[in-house]
Amino acid sequence: MTTVPRNSGAGVGYVVLELCSYGDSGDFQVLPKSMVEIRLEDRVGWLTARGGRAAVIEGVLLAEIGGTQISLYRDGRAVLERVTPCSKQAALELYHVLVEVDTDTGMKQKRS
Amino acid sequence: MTDSANTFRDCFPSLNSGGVYLDSAAKTLTCKSALESMDNYYSCFDVNIDRGIYRRSIDASIRVDEARSEVAAMIGVSPERLVFLPSTTWAINTVANGIPWRNGDRVVTTALEHHSNFLPWINLRRRGVEVDVIRPDSRGYIDPTEAAVVARNARLVAFTHASNAIGTLQDIGALTREARNAGALVVIDGAQGASHECTDIGEIDPDAYAFSGHKCFGPAGIGALYLSERMLAVLEPMVLGGGSAEDSSPGGYTLKNDPPWARFEPGTPNIPGMIGFGAAASFRQSLDWHELTEGTSLLLTCLLEGLNSIPSVKVYGPGEAAGKTPVVSFRVDGYTPHSIGSILCQNHGIMVRSGHHCAPTLWRDIYGRPEGAVRASLHAYNTKDDVKRLLLALECLGRGR
């Protein structure tokens, strides 16, 4: 299990903020509205298995996959840089894939 | 920390909210007297100003008049020539869109500018105005001699007092002189300069000088624009409404000319903002600014020396405190600016800004770093401990990667 929504999972809302960006891509910050806990070490393997580069440094998962730079914290906060297309929706979808949460239900997805 | 430093910090209530605030280039903390003056307006007045026949409205109008005088005194200009507007951005747009441009007019601005002093001019190309952008030297300064050459045949030259990204203080006296000699109108973005400098703008006498309350210990949502006689003679108001006109009829209207600011402040203004800005200006005037800026300059030196001693850190702009505001942009090898910004906040409680700081031309064209940098910006309420905490955090990060 990689994501443990402490309020049972469903309906975890997120705040997506656009950061200073440039070019055609966008930089975003995603913050869960409820308390979540992410096991960053699990995510390292998941990302590297998909061709990304990832390491946990100072309690932060720093990763790069498909041109997108990721900083993910244990409390679910994430900074996603070079997201394409440049939209909050794209950032949130990427975030959900990253933490394995179903986009529609907010529930953890089953691993394939 | 000395007793006087503690007393000064007590004037900024939000310092009690914790964390290390190093984002004063985005917004300075609001001083207590500004907060109290705004509270007093809502608690004791809470009415509209000007043209009110009752005492409370008259008294509130007097407060706003006093605020205008206090803000004008802060930069050494006549209150008659000082227009209150929502922000520096709004003020520069008021000038850019209020000049009756002729096809073929030319405007000169610089690659150092914040979007607020860049986009309004670039936008004029749609109206047939030529816009040239001059580059700063390798240290981030605009050469007045070069500006003089480029300003020939220009109708207007616009430049910043101090870079919001790298802090370089421009020689606005020489730049104004050279542009004026070339026959151009001069517009200065004073958002960062007014925040840190006690400059007599009346003596320099540009045609427009724009600055904001929220960069000068005042509230957000209020700015000011100084206008010269020359500018007033050509500038038309961008927005019209209550208070703009002497008289009107279906046949037309006559704009107010007395006082000169009146036609640029239509509608009900941001009354508490004006009063708060006035209180902040008055607070600043009561301080020994020389002593405060000396203290900030020492902090800046400490920060620059510390950053330059960390091998993984690269500082952009001048490496010494002289000739710049306490604004420092830097990058750390192996990290993106946003990742550094978020780590500093999340793990160390340090608040900085990351990205291109609304100056993408500078970061892309001058430094070849379109993603920008991390910006730490100090002000007089910061302490040596704030700087030490930032340096310690960056040293840890430098070792980690």
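Data table
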read-out	value
Selection from the range B:40-65 of residues that are outside any loop (DSSP other than H, G, I, E, B) and open to solvent by 90 Å² or more (accessible area, probe 1.4 Å)	B:42, B:55, B:56, B:63
Selected residue (criterion: farthest from residue B:75 (Cα to Cα)) from residues of the range B:253-276 that are touching a strand residue (DSSP E or B) at 6+ places or on another chain (Cβ under 7 Å) and assigned to a helix (DSSP H, G or I)	B:263
Answer residue from the range B:125-153, given it is open to solvent by less than 10 Å² (accessible area, probe 1.4 Å) and more than 22 Å from residue B:364 (Cα to Cα) and is modelled with the highest pLDDT among those	B:129
Single residue of the range B:332-369 satisfying the filter (farther than 28 Å from residue B:160 by Cα and at the interface with chain A (Cβ under 8 Å from one of its Cβ atoms)) that is surrounded by the fewest Cβ atoms within 10 Å (Cβ to Cβ)	B:347
Residues satisfying the stated conditions in the range B:250-264, i.e. in contact with a Pro (Cβ under 9 Å, 6 or more places away or on another chain) and either under 16 Å from residue B:36 (Cα atoms) or surrounded by 18 or more Cβ atoms within 10 Å (Cβ to Cβ) (or both)	B:261, B:263, B:264
Qualifying residue in the range B:116-124 (condition: outside any loop (DSSP other than H, G, I, E, B) and under 15 Å from residue B:178 (Cβ atoms))	no
Residue ID - farthest from the other protein chains (Cβ to nearest Cβ), chosen from residues in the range A:31-64 that are over 25 Å from residue B:396 (Cβ atoms), open to solvent by less than 40 Å² (accessible area, probe 1.4 Å) and not in a helix (DSSP H, G or I)	A:34
Condition met for residue B:325 (within 14 Å of chain A (Cβ to nearest Cβ) and buried (at least 17 other Cβ atoms within 10 Å of the Cβ))	no
Residues of the range B:372-401 that turn out to be in contact with a Pro (Cβ under 8 Å, 6 or more places away or on another chain), within 14 Å of chain A (Cβ to nearest Cβ) and surrounded by 23 or more Cβ atoms within 10 Å (Cβ to Cβ), as a count	3
Cross-chain or 6+ apart pairs with Cβ under 7 Å, the range B:375-401 first and at positive phi, then part of a strand (DSSP E or B) and not aliphatic (A, V, I, L, M)	none
Positions within the range B:49-85 being touching an Asp or Glu at 6+ places or on another chain (Cβ under 7 Å), closer than 24 Å to residue B:240 by Cα and not β-branched (Val, Ile, Thr), in sequence order	B:61, B:84
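Table: residues versus (1) open to solvent by 20 Å² or more (accessible area, probe 1.4 Å); (2) over 12 Å from the mean Cα position of the chain (by Cα); (3) within 23 Å of residue B:61 (Cβ to Cβ).
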position	(1), (2), (3)
B:214	yes, no, no
B:219	no, yes, yes
B:222	no, no, yes
B:228	no, yes, no
B:238	yes, yes, no
B:241	yes, yes, yes
B:247	yes, yes, yes
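The values are calculated or read from the model by the stated rules, or taken from the named source; none is laboratory data. Owing to the predicted nature of the structure, the values given are computational and were not obtained by experimental measurement. We place every Cβ from the backbone using ideal geometry, glycine too, and count neighbours over all the protein chains shown. For the accessible areas, the whole protein counts, side chains as well, though only heavy atoms, and no ligand, DNA or RNA atoms are used. Shrake-Rupley method; radii C 1.70, N 1.55, O 1.52, S 1.80 Å.
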